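Just below is one structure, and these are the notes that go with it.
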Amino acid sequence: MSLPTSLYPERNIVDLAALARLQDAGCRERRTRLSNWLVEVGLDGALITRPQHLTYFFGLRGWRSSPASGFVGRDGFGLISVGNSMGSDVYADETVRFDDSMFATTFEDRERAGLAALDIRLAKTKALGADCTDIAGQTITPISGHISSMRRRKYPDEVALISAAIAANEAGYRAIAPHIAPGLLETEVFALFQGAAIVAAGQTMGELGNDFRGGQPGGRPRPVPLVEGDLLPVDAGAVVANYFSDMCRTFAVSGTRAPVQEEAFGRVVHALSIAEDMIRPGVRCGTVFQEVASLLNSHRDDWRFDHHLGHGLGLDPVERPFINSGSNDIFEEGCTFTLEPGLYGDNLRGGIRLEQNYVIENGALRRLSNLPLDI
């Protein structure tokens, strides 16, 4: 019996084994950097509990609700406790397993069980930093602010993971492009996109973005058909090993854009190129926003650009730098972010938004996303 033809021709395009090797080395380097800082500020160790930070220092994958806790000593030693229900690989000097369920029923207080598995190490730590607010019976020094500052500049494994998420994201766009037509349900667009991204990445993933509505600037998909003449901005982000991508492409439901839509498309493409030319280390994000906003909002009175120009991304879909009006954030070496200019108006029937992903490397802007703007 022959196997059926796959609904999704792009299968397992992400080399997860190679990414795992990169992430192992990256996690060790980040723990070493944290331990050096602990010595500088006089702390003996750090308790890590936030899901994003557990991925950052230990490569923890899987659902963000998975029970785990980590410890990094001033000597660089990395210890993580992980619930037995979780099969994900982690990268640590020592891994402790604990019971977090019984007969497929999860315990209610799994977080406490995860901390209890670290009791011996925590009991020996006099000056303890932590990314949580409090621990019963112990005085802690908050360290979330320092970890956030560390996360601004991405390591090579992080850029590789974001690039893998972008590749899965682009597979989703290529999957839906041939099917966009009047009558297709918005929920069908979303389902096809999600399935293609998951099969391409070779793993399940969480949220894939909010914007799948025809004839509107954005919104979650509805069980309503696409309408001839409308535009369909699809703003979505795939996730690989807890690292996010975030892209947008705008489709013409009829297959071709009307002249007024074509004009807006060209303006947004031009705005994107202006922003790219401006960005380098040390440039203020608010300055780039003001330049692009002035360009887009001065063209026609019946068109508007009324949202942010972009944002950082990594272990969260939206993180610093914020590319907004008045933002004092600065573009830095190693930061990863999006640019997403757009134009909206009643005569555009949904509007045009185009979003790319970038990293700043060696003082220059490098685009990470490769999908044509006019797919």
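Just the number please: accessible area per residue for the chain, 1.4 Å probe, all protein chains included, in Å².
Per-residue value: 44 Å².
For a quick check of your reading of the filter: which trypsin sites (Lys or Arg not before Pro) in the range 161-254 sit in a DSSP loop and have no more than 15 other Cβ atoms within 10 Å?
Loop-located and lightly packed - none at all.
The chain: Rg/Rh from Cα coordinates, Kirkwood Rh?
In the chain, Rg relative to Rh is 1.02.
Could you give the dipole magnitude of the range 170-257 about its Cα centre, charging the beta-carbon of Lys and Arg +1 and that of Asp and Glu -1, in debye to the nearest 20?
60 debye
How large is the helix-only mean residue ellipticity at 222 nm for the chain, computed as the sum of -39500 (n - 2.57) over DSSP H runs with n ≥ 4, divided by its residue count, in deg cm²/dmol to the nearest 500?
Mean residue ellipticity, 222 nm, calculated: -10500 deg cm²/dmol.
Hey, what do the phi angles of the range 246-252 turn into as Karplus ³J(HN,Hα) couplings, whole Hz, using 6.51/-1.76/1.60 and θ = phi - 60°, x for Gly and Pro?
Result, ordered by residue: 7, 9, 9, 10, 10, 9, 8 Hz.
Expressed as a whole percent, how much of the Cα-Cα distance distribution for the range 251-375 exceeds 18 Å?
Cα-Cα pairs of the range 251-375 separated by over 18 Å account for 51 percent.
Going by Cα centres, the range 10-63 and the range 301-315 are how many Å apart?
Spelled out, the Cα-based centre of one part sits 30 Å from the other.
Can you put PHE77, PHE265 in order of accessible area, largest first, using a 1.4 Å probe?
PHE77, PHE265
The values are calculated or read from the model by the stated rules, or taken from the named source; none is laboratory data. These numbers were taken from a predicted model, which means no experiment stands behind them. Cβ coordinates were reconstructed from backbone atoms using ideal geometry, including for glycine residues, and neighbour counts include every protein chain displayed. Calculation scope for accessible area: heavy atoms of the full protein, side chains included, ligands and nucleic acids excluded. Shrake-Rupley method; radii C 1.70, N 1.55, O 1.52, S 1.80 Å.
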